[in-house]
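What follows is calculated from the coordinates using simple rules that are stated; it is not laboratory data. Everything numeric here is computed off the predicted structure, so don't read it as measured data. Because the Cβ atoms are built from the backbone with ideal geometry, glycine has one as well, and the counts that use them run over all protein chains shown.
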Amino acid sequence: MSDLADVLVPPNEEGTRATVLRWCKAVGDTVVKDEPLVELETDKVTVEIPAPGDGTLIEVLKQVNAEVNPDEVLARLSLSGDSTAPQAAASSTATETPAGAPTVSEARDLRKPLSPAVRGLLKEHSIAAGDIEGTGRDGRITAQDVTRHAADAGAELAPARVPAHAPISPSGGTRVPHTAIRRRVAEHMARSLMEAPHVTTLFEADLTRVLAHRARHAAEFESRGARLTLTAYFVGACALALRAHREVNATFHPEALELHEDVNIGIGTALGNKGLIVPVIHRAQGLNLFGTAQRLGRLVEAARSGRLSPEDVRGGTFTISNHGVGGSLLAAPIVINQPQVAILGVGKVERRVCAVEVDGVEAISVRSMCYLTLTIDHRALDAFQANAFLSSVVATLERWPADEP
Amino acid sequence: MNASPKLVREMPGLGSLDWRAVLRQIATSRALDDLEEWTLLPGRKVLYQFSARGHELTQVLLANQLTGSRDGVGAYYRSRPLLLSLGLRLEDALASTMMRAGGMSDGRDIGVVFNLPRQSGACVLPVCGGVGTQYTPAVGWAQALRYRGTVLGDKECETSIAVAHGGDASTATNGFWAALNIATTERLPLLFFIEDNGYGISVPSRQQTPDGNIARNLAGFRGLRVLDGDASDPMAAAALIENAVTSVRSGGGPTLIRLVVPRLSGHSGQDTQTYKSAGEIAAEKAHDPLLKLHAQLVPNVVSAADWDLEIAQGRQAVADALDAVERRSAPDPGRVRRYLFSEVAADGSIELQQQGGTYAEGVVPSPGTLHASPQGPRINLVTAVRRTLEHELAVNPRMLIFGEDVGRKGGVHAATLGLQEKFGTERVFDTSLSEEGIIGRAVGMAAAGLMPVPEIQFRKYADPAAEQLNDCGTMRWRTVNRFAAPMVVRIPGGYFKCGDPWHSQSNEVQWVHGLGWRVAMPSNAQDAVGLLRSALRGNDPTIFFEHRSLLDGGWARRAYPGDEFVVQFGKASVLREGTTLSVISWGAMVERCEKAIINTGISADLLDLRTLSPWDRDATLASVRKTRRCLIVHEDTMTAGFGAEIAAVIAKDAFFDLDAPIERLAMPDVPSPHSPVLLDEVLPNVETISQAIIALAQI
């Protein structure tokens, strides 16, 4: 555990005043015991003030030329050598990290060491230490603080520590405390719907050519290290359409629509009962199908094993929701992933009976079809842009070239 | 000089002595010494080498006299000719010095630290490395012979004797004098067999006893018959030895025989004897009993050809033994941790030692019950102890209680009040003021198949007995389960209304760290009954700590739990269950811990360990894993008190469950102070324990 040490102005002989002449070290510098930190000038002499111990200079309170008196604090050292300055714990924004997965490096206040039990519990419950107010001595986070936080997140801290109970509901059932992910998803969804008027338009897409293409190229992609899924085609089609319909790749502001340069497509990924997370394919406009498939594979794998980095879930400009893989034909509305303006829902791919025209003759055909829904923020977009965008997407899919990789 | 055939025939008892057999034994022993000194030691096949050259004749003659079926010998490192003559196989002797598998200790002890377990016929008690440790165990054997004869009706014991075999320097040791006092005041069938070679390594015998002749100095010792002889006259020595043994065997009381012998080698293979002049060494060689024997036997009793034949056969026997031992493997390293305590085989049966304790003779007490049946009013701990001793004396005729003031007075703490009246002076008796003697004789008694229950009057007074206690604890391991000495040593200690450095010491950790001892620290009368009975019916040596402030203390009173109630060693008692922290304690501190927990209102586990060897690691770890915080409270001083061991185990095995550093509260590193004001300052009390609990809960 580190201590803070104040560097004081020493007592003066005959009450002479002193001014700060020169700082020998700057904030953030490492210092060793007895090393000169600052020079004070008096009427008679120049006095060197040494560091009281080994550590890091974290705060300078008197600047050059300031007049200083005996016992005033000139500076503060952190004596263990840790360079973390006292700062407010970073609060994670729900828009950037809806999943709230613990980040690799936590800003750690050295006045609050984490006991072995606390470390284990934080990891187990996927909680960041910075989220918890410690009730132990000197503000230490105790094991009970963590278990209580995990069980009852959002509740007021009780002054006395009592073991967490699972209260029985009036109907005789039990209450399942929310995980961190659940809380964030709940907050995000409610806010998004409240801020943005959601309107949905429905198209259907014939995936015959896409499926054929996939059948032809899947093995080859596999051998080159990328698993070729349908999602890759949707990402590709969306990327193209978002370049053509730039107003859909945007963020709504009260005074302006911010059009984004890069197309960063987030893929809504289910983590079973643990919730959902949206890893992002950055600069999708620059990727061919293979590149997209490769990137997708890596992100989905990382998501499933809990190893997404903060970068992986930030900066999305558009989101695709593959709700169809769970069997759903159609979903509307789909909650927009703020601060985006639209979200694409992909329904289940089904063999359906369609009326087609073959050589001018009407016929019945069985085709592989799926429903696509686009939910838009009607503040930013109208049905006109929505339909134009979705038409582009469908057209790209239905006309997928036979052999383009 | 030659003894004429007429002279030989005139010597009483010697007509039947098989001199060729005597010669053969001497030749074998000497050949073994030659082999080790000249071949095996230089060849690093034997690392610690002790010759008996010059001592063989007297020892072989002694062995010839030890014909009693229950004779027992306390020996020392130069007793090999005696051991070989009593039946130690050459191969086992050599395997022991060459550190091969098997032998007397399976590589665990030096080859001349002997032991020879016997169901019938002279046995040799486990030798110890410390000089003088052989005496009081031999006394114990002698006392056991009398006990078995008079109390158990074992007729064979009535004509058997104990022998304490030692060198001249050993007569200066504490053990020798304790044994002398006990043997003579109790009039025991004990023969002190002293071989005087004039040296204790390099120190001459005149520095051990005035003028170097212990026999002359003890000539006037009341109750002791003293004989003095010289091995350079083999015939006379034989007669004297026969006289000595017969005298003891026929009830003549304790006898000391001193025989001058030359030490024809250094003290050990490492000793070059530079402290002896060339003239001295030459004189010693000239007094070689083998030379003297040759002069007396050849040609009238043994022909020259037969003499040479015996010498040659001795060498051959040793060579054959060497061949056999060379083929033996080194001891199995996988076994080295075994047999510190009594072990249980896979089928649940005990792997019994060959000799020592009652189990080895087929006398296994009833296991008792873990179920307490409290009846009647609460009694204090000392009454509970007394009642338990009384019942176990009644059901186990091999049990005997002894110590200072335990008989007539009934014990300075009244723990044995009335027991001598009820069971007699053979079974409950007072001892001389020698703790070395008390524990030493307990060792001999245990080896003789009894259950000795010695009392050390106050914890601090175990210090003089430390050597015997340590050696008792390691006996099973050193002899690889050939011998063990189960006993229950009752030790009152701890503070009372005042303290002091002599009567109030706790220091139980010394015996936890001491190898081979079980340690019981009851906090209340019920546990005291169960632990004491468990120890009295057990197969391991046990220290039973009777805390002085608990003997009559109110909190410790319980109803008597029944005559079959036992408490398992290594099982803590959970007195309270809680969530915030775990308090681990034992002995007199348990009461204070309970009061402190109630005082603070904090929800806490309270574990009374009850025994420290073994101790309940599982219950302790389970508790700490649950509460994540631990306070250990003990009366013993802080540094390296048993709390340090507990803390280390928790820190390792429950590290990832801990939410706070492990806390210990104990007496500071000072002896117990006499003034109650000072005592109250240093002992953990309800107030300081409460503060520690609160502080720990708030980390």
Practice item. Please state, rounded to one decimal and in Å, the Kirkwood hydrodynamic radius that region A:359-405 gives when every pair of distinct Cα atoms enters the mean of 1/r. Key: 13.5
Check your understanding: Where does region B:464-580 land on Rg(C-alpha)/(2.2 N^0.38 Å)?
Key -> 1.17
Check your understanding: Under a straight-distance cross-link criterion of Cα-Cα below 23 Å, which lysines are reachable from B:Lys422, leaving out those fewer than 8 residues away in the same chain?
Key -> B:Lys409
Check your understanding: Using alpha-carbon pairs under 8 Å, 6+ residues apart, how would you state the relative contact order of region B:506-664 in percent?
Key -> 25
**Study point:** Reference-scaled alpha-carbon Rg (2.2 N^0.38 Å with N residues) for region B:320-438
**Key:** 1.58
Exercise for review: Indicate the helices, whole DSSP H runs only, in chain B that combine a mean Kyte-Doolittle hydropathy of -0.5 or more with a Cα extent along their long axis of 20 angstrom or more.
Suggested key: B:19-35, B:135-150, B:234-249, B:304-326, B:381-395
Practice item. Evaluate E = 1/(1 + (r/R0)^6) for A:Asp382 and A:Glu59, where r is the Cβ-Cβ distance and R0 equals 41 Å; express this FRET efficiency to the nearest 0.05. Key: 0.15
Practice item. Please check which bits of region B:287-323 a label hung off B:Arg89 would reach, taking the label as a point 7 Å along Cα-to-C-beta and the cut-off as backbone N under 19 Å. Key: B:314-323
Practice item. With both partners inside region B:114-204, how many of the DSSP beta bridges are antiparallel, as a percent to the nearest 5? Key: 35
Review point. When DSSP beta bridges are limited to those with both residues in the protein assembly as shown, what percentage is antiparallel, rounded to the nearest 5?
Key: 50
**Study point:** Pairwise FRET efficiency - B:Ala640 versus A:Arg307, Cβ, R0 = 30 Å, nearest 0.05
**Key:** 0.05
Exercise for review: Working from the alpha-carbon coordinates of region A:265-405, get Rg over Rh, Rh being the Kirkwood radius.
Suggested key: 1.00
Point to revise | Whole-Å semi-axes of region B:176-244's equivalent ellipsoid (Cα gyration tensor) | key: 20, 18, 10
Check your understanding: FRET efficiency for B:Glu426 and B:Val363, Cβ-Cβ distance as r, R0 = 30 Å, nearest 0.05?
Key -> 0.95
Point to revise | Loop trypsin sites (Lys or Arg not before Pro), region B:369-410 (other Cβ atoms within 10 Å of the site Cβ: 13 or fewer; DSSP) | key: B:Arg408, B:Lys409
Review point. Looking at region B:451-546, which trypsin sites (Lys or Arg not before Pro) are in a loop (DSSP not H, G, I, E or B) and have at most 15 other Cβ atoms within 10 Å?
Key: B:Lys497
Practice item. Using label points projected 7 Å from each Cα along Cα→Cβ, tell me how many nm separate A:Ser80 and A:Ala395, to one decimal. Key: 6.2
Study note, to complete from the structure: Per 20 angstrom bin, beginning at 0 and ending with the bin that holds the maximum distance, the Cα pairs of chain B fall in percents of 17, 45, 28, 9, 1
Revision key, fill the gap. The pairs in A:Lys33/A:Lys62; B:Lys155/B:Lys460; B:Lys45/B:Lys652 lying past 30 Å Cα-Cα in this model are B:Lys155/B:Lys460; B:Lys45/B:Lys652
**Study point:** Cut-off 19 Å, label 7 Å out along Cα→Cβ of B:Ala414, residues of region B:510-541 by amide N
**Key:** B:524-526, B:528-529
Check your understanding: Direction-averaged shadow area of the convex hull around the Cα atoms of the protein assembly as shown, nm²?
Key -> 71.8
Exercise for review: Would you mind calculating the relative contact order of chain B from Cα pairs under 8 angstrom and at least 6 residues apart, reporting the percent as a whole number?
Suggested key: 12
Point to revise | Whole-Å distance, taken between Cα centres, linking region B:79-100 and region B:489-546 | key: 39
Point to revise | Loop GluC sites (Glu not before Pro), region A:209-304 (other Cβ atoms within 10 Å of the site Cβ: 16 or fewer; DSSP) | key: A:Glu255, A:Glu261
Revision key, fill the gap. Using alpha-carbon positions, the gyration tensor of region B:463-533 gives root eigenvalues a ≥ b ≥ c; with a/c under 1.5 called rounded, otherwise prolate if a/b exceeds b/c, else oblate, the class is oblate
Check your understanding: Taking every DSSP beta bridge that has both residues in region A:256-395, what percent is antiparallel when rounded to the nearest 5?
Key -> 70
